[in-house]
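Worksheet for the structure shown next.
The values are calculated or read from the model by the stated rules, or taken from the named source; none is laboratory data. Since this is a predicted model, take the numbers as computed values, not measurements. Neighbour counts are summed over all protein chains in view; Cβ atoms, including those assigned to glycine, are modelled from backbone coordinates with ideal geometry. Protein only, heavy atoms only, side chains kept; ligands, DNA and RNA dropped before computing areas. Shrake-Rupley method; radii C 1.70, N 1.55, O 1.52, S 1.80 Å.
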Amino acid sequence: MDLTLARVLLFGLSLAGIPLLVFAIKLIRGVFTEEIVAELPYTQKEAPFSIATAGTYAIWQKAPLLARTPVGEFRPEVRSGPSGRPLRLRVSWMRPSVNNGMTGRMELFRFFAPAGDYTIAFGEGTSVSKIELALSALLPIRKSALPADYSLQVTKARSAFVLLAGIFLILIAAGCILGGFVLGISAHQFVGQATTALTR
């Protein structure tokens, strides 16, 4: 293969990875930028909210970075407005989290809800497992989040597969960008070796 053609193809592969990387980042950002349906500060006992479209929703905790949270001191409750019946909450095992450098958010639970009126409240229990509590106790963080700075948020939940797909696409894009650039620079080596092997 001609050296110039090889370099054009490889550098083209590197450039093709850039839009793929941008798409993957937007895909992942979409997981964490859903509209907030409800917010319950730790200084309040409960907060009413409405759901316009039936679906799966997520409960996130929001707190300042590098601060201990009271996540082990309560378990959120979501109750139907008309009947007061509690909805079943499922633990978010992947624990997606995001931060903006000052505050952080972590997903705690998911639940399915039909359209209607609801109430979210701080209930009795714990929002994390004993193992998670034990691991958090080992962290060298002494400062606790102030009640006014801690809250729960309810958002529309995104599929975990979207997050995994975004991570997978980022890895592919990084491989294209770095691999194409590195191989493009060193193309003369393997093109020369291939030419030598054919002439023998």
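Quick check: is even one residue across segment 8-22 assigned to a loop (DSSP other than H, G, I, E, B) and aliphatic (A, V, I, L, M)? Walk me through how you get there before you give the answer.
So the first thing to find is which residues in segment 8-22 are assigned to a loop (DSSP other than H, G, I, E, B), and the list is none.
Checking segment 8-22: not a single residue is assigned to a loop (DSSP other than H, G, I, E, B) and aliphatic (A, V, I, L, M).
Only residues that are outside any helix (DSSP H, G or I), farther than 22 Å from Lys26 by Cα and β-branched (Val, Ile, Thr) were counted in segment 118-168, giving 5.
Where strands (runs of 3 or more DSSP E) fall entirely within segment 47-117, those with at least 1 residues that are open to solvent by 30 Å² or more (accessible area, probe 1.4 Å) and over 27 Å from Lys143 (Cβ atoms) are at 55-64, 75-80, 103-113. Taking residues in segment 132-157 that are among the aromatic types (Phe, Trp, Tyr), and partners anywhere that are part of a strand (DSSP E or B), the pairs with Cβ atoms closer than 8 Å and at least 6 places apart or on different chains are Tyr150/Pro41; Tyr150/Gln61; Tyr150/Lys62; Tyr150/Ala63.
Taken over segment 29-46, the criterion of being open to solvent by 80 Å² or more (accessible area, probe 1.4 Å), outside any strand (DSSP E or B) and touching a residue at least 24 places away in the same chain (Cβ under 8 Å) is satisfied by Glu35, Thr43, Lys45. Looking only at residues of segment 118-133 that are more than 22 Å from the chain's Cα centre (by Cα) and open to solvent by 60 Å² or more (accessible area, probe 1.4 Å), we find that the one that is farthest from Ala47 (Cα to Cα) is Lys130.
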